[in-house]
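Since every read-out is calculated from the coordinates, none of them should be taken as a lab result. On a predicted model such as this, the values are computed, not experimentally measured, just so you know. Here Cβ is always computed from backbone atoms with ideal geometry, including for glycine, and neighbour counts include all displayed protein chains.
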Amino acid sequence: MMLARQRIAEHVAGINTDHGRPGGKAGEIVAALVGRLTGGALDFGATLSINSLAEEFNASRQPVSVAINHLRSLGYVVVVPQVGCRVISPSPAEIADFFYVLAHMESALASLAAKRHDAREGEILRAIAAEIAAAPFDSPEHRRYYASAVDTFHASIWGMSRATAVIARVRDLWQLADFYLWHGAGNFDAGGVATANREREAIVRAITRGDAPKAESLMAKHVRGKPARVGII
């Protein structure tokens, strides 16, 4: 997988996936907190203390506040006046709506990838899907690896789409999707994994054959089905 990721990097190099992220200490705090959120270290509804974060990151309250406001703009947290900051706690309907919208964006990029990719990119995508299918899913470490590999799969399709003007924004939404999905990772059983793997294989076939309508419909179904497969809706 490491080799595949290095090769995929050639197609996504230069794409700014951190558009709008603040610089300096605030940016450092944002990066750390996004890592915790998308890695399952912060639960829905968890409280974030500006004072505690300032102490942890050896920063004043100002960059912490900037970081929190950025996370709010991305949809990870809410700020309640006179109460403080907490991680979002979305309802099943809100999660379903989010993945419905994300599915349309991802499916559009899959359609473009089918039209614009070259043969070498198709080979890389096929190899990534095969490695995901062969990956175990029986421990927290393996689940993290699986999630990272799935991110690589989607990033490769973004690169193949050549739609550089929107990829950074889709990446932000995909990180938020990771945050949602980690809350059900422990419920993702062998049947769900097998279904996801079959769907990815079908997406690869459609893209590499240049069948844009098929790639679009398959990707839409695949992304919409993610929250149900992990049991968060």
Measuring from the longest principal axis of the C-alpha atoms of the chain, the long axis of helix 190-208 (C-alpha) lies at a number of degrees, nearest 10, equal to 60 degrees
One would report the Cα pair-distance distribution of the chain, bin width 5 Å, in %, as 1, 7, 14, 17, 19, 16, 12, 8, 4, 2, 0, 0
With label points set 7 Å from each Cα along the Cα-to-Cβ direction at Asp138 and Val78, the distance between them in nm comes to 4.1 nm
Per GNM of the chain with C-alpha springs under 10 angstrom, the most fluctuating residue out of Ala196, Ala46, Ala114 is Ala46
Among Gly24, Gly159, Gly35, the residue with the largest mean-square fluctuation in a Gaussian network model of the chain built from Cα contacts under 10 Å is Gly24
FRET efficiency (Ala119, Arg61; Cβ distance; R0 35 Å; to 0.05) is 0.05
Fewest-first ordering of Met160, Met219, Met105 by Cβ atoms within 10 Å yields Met105, Met160, Met219
Filtered hits (lysines, Cα-Cα < 17 Å from Lys214, offset >= 8 within chain) -> Lys115
Honestly the stretch 35-92 on the Cα gyration tensor test (a ≥ b ≥ c root eigenvalues; a/c under 1.5 rounded, otherwise a/b vs b/c for prolate or oblate) is just prolate
Net charge near Thr208 (other residues with Cβ under 13 Å of its Cβ; Lys, Arg +1; Asp, Glu -1) is +3
Comparing Ala110, Ala119, Ala130 in a Gaussian network model of the chain (Cα, 10 Å), the one with the largest mean-square fluctuation is Ala119
Length gained, Ala190-Arg86, 0.36 nm per residue minus C-alpha separation, equals 34.1 nm
